[in-house]
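Right, one structure below, let's go through it.
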Amino acid sequence: GNSVTQMEGPVTLSEEAFLTINCTYTATGYPSLFWYVQYPGEGLQLLLKATKADDKGSNKGFEATYRKETTSFHLEKGSVQVSDSAVYFCALREASYGKLTFGQGTILTVHP
Amino acid sequence: NAGVTQTPKFQVLKTGQSMTLQCAQDMNHNSMYWYRQDPGMGLRLIYYSASEGTTDKGEVPNGYNVSRLNKREFSLRLESAAPSQTSVYFCAAAGWGGTGNTIYFGEGSWLTVV
């Protein structure tokens, strides 16, 4: 079956540091890939997505590139802010009408 | 701009009680989902409905039932609540393919079983 593996957390950074959260996946066919963010006490918000190989998703300074050859979708941001502190989930969706499979989440804490 | 609406937001149940979590979406999407979120385990799929009139088990269906009442509504029922069902529950909705590929989530329902 499908699976998503995220880097172990939690991740603690100082403001303006570079962020990478690794995500690799196992899937049949050609899934779509997503990053969701969850702020404390809230639901999940879509951060960015990519629907085919070599697509780059971007939003709010975050980027991730769909790498089919390495089955990866790593999340990056050049300069994090305190307000980026949240839990980040990598996910894939089977083609068409399939269900969403999540990684276990990575807790990010950014200190001033 | 409601999107996906879940009720109730918070609930405390005693072991053995029953309850239904309600979910409604106004995006005219075909697929709906129920997930539970537990610390360190990410989100796990309980049940999903690919379209009106169909439901399928996900990763952790035991102890739950669902009803896809119509295209808008997808409810999750706990017939006899257990402490292991203490969790945060998320309902979600999505279209099929193309621009409808993204799954949108409700704000969550915090359930405690004592």
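The values are calculated or read from the model by the stated rules, or taken from the named source; none is laboratory data. Being a predicted model, the structure only gives us computed values, none of them experimental. FYI the Cβ positions are ideal-geometry reconstructions off the backbone, even for glycines, and counts take in every protein chain you see. Accessible surface is based on the protein model in full, side chains and every heavy atom, while ligands, DNA and RNA are left aside. Shrake-Rupley method; radii C 1.70, N 1.55, O 1.52, S 1.80 Å.
Can you name the residue in segment B:38-56 that is more than 9 Å from every other protein chain (Cβ to nearest Cβ) and under 12 Å from B:PHE90 (Cβ atoms) and, of all such residues, is least open to solvent (accessible area, probe 1.4 Å)?
Among them, the one singled out is B:ILE46.
Kindly establish whether A:GLY41 is open to solvent by less than 10 Å² (accessible area, probe 1.4 Å) and either among the acidic types (Asp, Glu) or out of contact with any strand residue (DSSP E or B) (no Cβ under 8 Å at 6 or more places or on another chain) (or both).
no
In segment B:57-86, how many are among the charged types (D, E, K, R) and open to solvent by less than 70 Å² (accessible area, probe 1.4 Å)?
3
Which of the residues spanning segment A:14-33 are in contact with a helix residue (DSSP H, G or I) (Cβ under 9 Å, 6 or more places away or on another chain) and either part of a strand (DSSP E or B) or without any contact (Cβ under 8 Å) to a residue 60 or more places away in the chain (or both)?
Let us first name the residues in segment A:14-33 that are in contact with a helix residue (DSSP H, G or I) (Cβ under 9 Å, 6 or more places away or on another chain), namely A:15, A:19, A:32.
Selection gives A:LEU19, A:SER32.
Name the residues in segment B:55-114 that are closer than 29 Å to A:GLY29 by Cα and either touching a helix residue (DSSP H, G or I) at 6+ places or on another chain (Cβ under 6 Å) or of a type in the set (D, E, K, R) (or both), would you?
B:ASP56, B:LYS57, B:GLU59, B:ARG68, B:LYS71
For residues that are touching a residue at least 60 places away in the same chain (Cβ under 8 Å) and more than 11 Å from the chain's Cα centre (by Cα), tally how many sit in segment A:57-97.
9
What are the residues in segment A:34-56 that are within 14 Å of chain B (Cβ to nearest Cβ) and either among the hydrophobic types (A, V, I, L, M, F, W, C) or touching a residue at least 40 places away in the same chain (Cβ under 8 Å) (or both), if any?
Our first condition is that a residue be within 14 Å of chain B (Cβ to nearest Cβ); within segment A:34-56, this holds for A:34-52, A:55.
Residues satisfying the conditions are A:PHE34, A:TRP35, A:TYR36, A:VAL37, A:GLN38, A:TYR39, A:PRO40, A:LEU44, A:LEU46, A:LEU47, A:LEU48, A:ALA50.
Is it the case that some residue within segment B:94-106 is within 24 Å of A:LEU47 (Cα to Cα) and at pLDDT 95 or above? It would help to see each step written out before you state the result.
Of segment B:94-106, the ones within 24 Å of A:LEU47 (Cα to Cα) are B:94-106.
Pick out the ones that are also at pLDDT 95 or above and you get none.
Checking segment B:94-106: not a single residue is within 24 Å of A:LEU47 (Cα to Cα) and at pLDDT 95 or above.
From the set of residues in segment A:47-57 that are aliphatic (A, V, I, L, M) and not in a loop (DSSP other than H, G, I, E, B), which is surrounded by the most Cβ atoms within 10 Å (Cβ to Cβ)?
The extreme case among them is A:LEU47.
Being out of contact with any strand residue (DSSP E or B) (no Cβ under 8 Å at 6 or more places or on another chain) and open to solvent by 70 Å² or more (accessible area, probe 1.4 Å) is the filter here, so list the residues in segment B:1-16 that pass it.
Correct list: B:ASN1 only.
Examine segment A:86-97 for a residue that is of a type in the set (Ser, Thr, Tyr), open to solvent by 10 Å² or more (accessible area, probe 1.4 Å) and touching an Asp or Glu at 6+ places or on another chain (Cβ under 6 Å), and state whether such a residue exists. Before the answer, list the steps.
At the first step, the residues of segment A:86-97 found to be of a type in the set (Ser, Thr, Tyr) are A:88, A:96-97.
With the extra rule that they be open to solvent by 10 Å² or more (accessible area, probe 1.4 Å), the set shrinks to A:96-97.
Next cut, touching an Asp or Glu at 6+ places or on another chain (Cβ under 6 Å) only: none.
Within segment A:86-97, none of the residues are of a type in the set (Ser, Thr, Tyr), open to solvent by 10 Å² or more (accessible area, probe 1.4 Å) and touching an Asp or Glu at 6+ places or on another chain (Cβ under 6 Å).
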